[in-house]
1. If packing is taken as the average count of other Cβ atoms within 10 Å, what order do 189-201, 91-103 fall into, highest mean first?
2. Per 10 Å bin from zero, what fraction in whole % of the C-alpha pairs of segment 216-339 is there, up to the bin with the longest pair?
3. Could you tally the net charge around Asp54, taking each other residue with its Cβ under 11 Å from the Cβ of Asp54, Lys/Arg +1 and Asp/Glu -1?
4. Name the residue farthest towards the positive end of the dipole of segment 206-319 from the options Phe314, Gln298, Ala251, assuming +1 on Cβ of Lys and Arg, -1 on Cβ of Asp and Glu, about the Cα centre.
5. Averaged over all directions, how much area does the convex hull of the C-alpha atoms of segment 105-167 cover when projected, in nm²?
6. Please tell me which of these pairs span more than 28 angstrom C-alpha to C-alpha: Lys327/Lys418; Lys85/Lys407; Lys256/Lys327; Lys327/Lys458; Lys6/Lys231; Lys6/Lys458?
7. Sequence-distant or interchain residues sharing an amide H contact under 5 Å with Ser466, placed H: which?
8. Can you order the peptides 254-260, 298-304, 212-218 by their average number of other Cβ atoms within 10 Å per residue, highest first?
Amino acid sequence: MVLDEKNPVIIQGGMGIGVSAWPLARAVARSGQLGVVSGTVLDVVLARRLQMGDPGGHVRHALAEFPITSMADNILDRYFVPGGKLADTPFLPVPMLSERPTRMQSELLVAANFVEVMLAKEGHDGLVGINYLEKVQIPTLPSLYGAMMAGVDYVLMGAGIPAAIPGMLDRMSEGEAVELSLRVTGADRNQATTLRFDPAEFTGGFTPWLTRPRFLPIIASSTLAQMLVRKSNGQVDGFIIEGSTAGGHNAPPRGKTRLNGLGEPVYGQRDVVDLAVIRDLGLPFWLAGSYGSPEQVQDALATGAAGVQVGTAFAFCEESGISAEIKERVVQGCRAGELTVFTDPLASPTGFPFKVLGLEDTLSEEEVYEARHRTCDLGFLREGYRREDGTIGWRCPAEPEAAYLRKGGLREETIGRKCICNGLLATIGLGQVRMDGQQESPVVTSGNDVNSILRYLKEQDANSYSAGDVVDCLLQLSKV
């Protein structure tokens with residue numbers, strides 16, 4: 001099999017929050033494949049890393065390279081705690097975003113994305129991408145700009161229809177202002193709201209020369225691929241085609257949702273992507289969802305794919321952001337055959353099915369989650385809604401039920417919802433400590449093939465493996 005030297009065979013999944021952090025993306029990029037950082041909630045991640053004392057000094061090193069020194073200094077003055085905060089001290093909150101981010105919020109978003117990409121790209125000439133959720137709109141524009149300032153090579157985006165993003169990458173690379181239409185529930189055509197970002201205004205006239213990254217939407221249907229090629233406002237450079245066995249958020253089944261005996265959405269033939277249609281578009285594509293073996297990589301290449309996107313295998317490797325204790329428990333759980341993955345149709349406030357890995361003391365254990373006081377203090381998955389007075393309000397079905405109902409939400413929308421934002425931060429060791437001493441419990445997401453990670457262990461009794469081990473395993477049948 002002769003591989004296409006222009007495209008990576010392996011795209012490391014952009015797993016958020018902070019699972020696909022810069023150490024993992026750097027390790028994969030150094031191996032000659034596409035390393036990807038997660039762009040989700042990076043402002044909070046950066047602020048909390050600084051409050052933990054910035055072990056190793058990596059964040060401060062990257063901020064020292066940020067082109068606008070005054071912004072970097074402001075962030076350090078506000079969040080850096082020498083030696084790290086006390087374990088029982090809550091993190092200083094990062095103000096929740098709304099349709100008009102403050103100057104401070106925009107600076108933190110730009111700098112956080114710059115830091116993550118810069119650290120991932122440092123010390124090698126490999127490729128680095130960044131992954132965003134289209135569903136999370138408010139941070140998108142400043143986040144893209146920060147990533148581009150650091151020279152990101154690829155932008156990946158799923159959980160929605162990102163038709164507006166390619167043109168924004170074009171305009172940002174020229175230093176032009178960009179706008180993004182904001183979805184607001186209950187608004188009519190005469191009440192359109194736009195998010196705006198002007199590089200010249202942000203930098204005070206200093207607009208660095210930027211390279212336009214390649215754009216890869218993450219999709220689950222050939223129809224969406226065709227639509228994006230025809231109607232996007234700029235160039236689409238390829239596709240990642242994600243199946244329902246992939247971890248994190250999944251696209252809902254097409255048609256009316258049916259549940260199996262476990263309460264999971266049932267996917268059928270209508271959800272299988274027509275690869276012939278994809279091939280006819282003439283763009284490179286990668287297959288995702290249970291492609292974590294060398295044989296599956298070869299199967300993907302045989303279909304005409306440029307390669308595969310792999311998440312779960314990298315999620316539990318040494319360089320990932322998941323806490324070491326959780327990773328070791330996952331390896332041991334795989335050995336014992338005790339792990340289960342549940343596709344929860346209700347957990348995520350986005351309304352998308354969300355995979356939860358069954359581990360004790362994680363949000364997959366309903367009794368643990370029910371003991372949590374409903375708190376929405378990060379707000380990345382909130383939806384905007386139009387109030388009676390015409391202004392925009394914000395609500396999340398995982399917030400306190402009474403508050404959600406006061407804002408016009410429906411009670412049935414709160415059933416089974418979980419605070420994904422706080423749970424995922426706990427998974428990477430950055431969970432909030434509440435004033436009553438309660439600590440956020442982690443939520444661990446994984447693809448269906450989690451038990452296959454044992455294949456990456458070099459020795460039978462090993463408890464860990466590296467990103468390089470994953471790449472070597474996946475490519476062992478491929479010859480350039």
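Every number here is computed from the coordinates shown, using simple stated rules; none is lab data. Not measured: the values here are computed from a predicted model. Don't worry about glycine lacking a Cβ; one is built from the backbone with ideal geometry, like all the others, and counts go over all protein chains shown.
1. On the way: 189-201: 13.3, 91-103: 15.3.
Ranking the peptides 189-201, 91-103 by packing returns 91-103, 189-201.
2. Percent of pairs per bin, in order: 12, 34, 33, 18, 3, 0.
3. Numbers: positive: Arg48, Arg49, Arg60; negative: none.
Local net charge: +3.
4. Positive-most Cα among the choices belongs to Ala251.
5. Numbers: hull surface 16.8 nm².
Average projection, Cα convex hull of segment 105-167: 4.2 nm².
6. Details: Lys327/Lys418 22 Å; Lys85/Lys407 36 Å; Lys256/Lys327 36 Å; Lys327/Lys458 16 Å; Lys6/Lys231 26 Å; Lys6/Lys458 30 Å.
Table pairs above 28 Å Cα-Cα are Lys85/Lys407; Lys256/Lys327; Lys6/Lys458.
7. Glu318
8. 212-218, 298-304, 254-260
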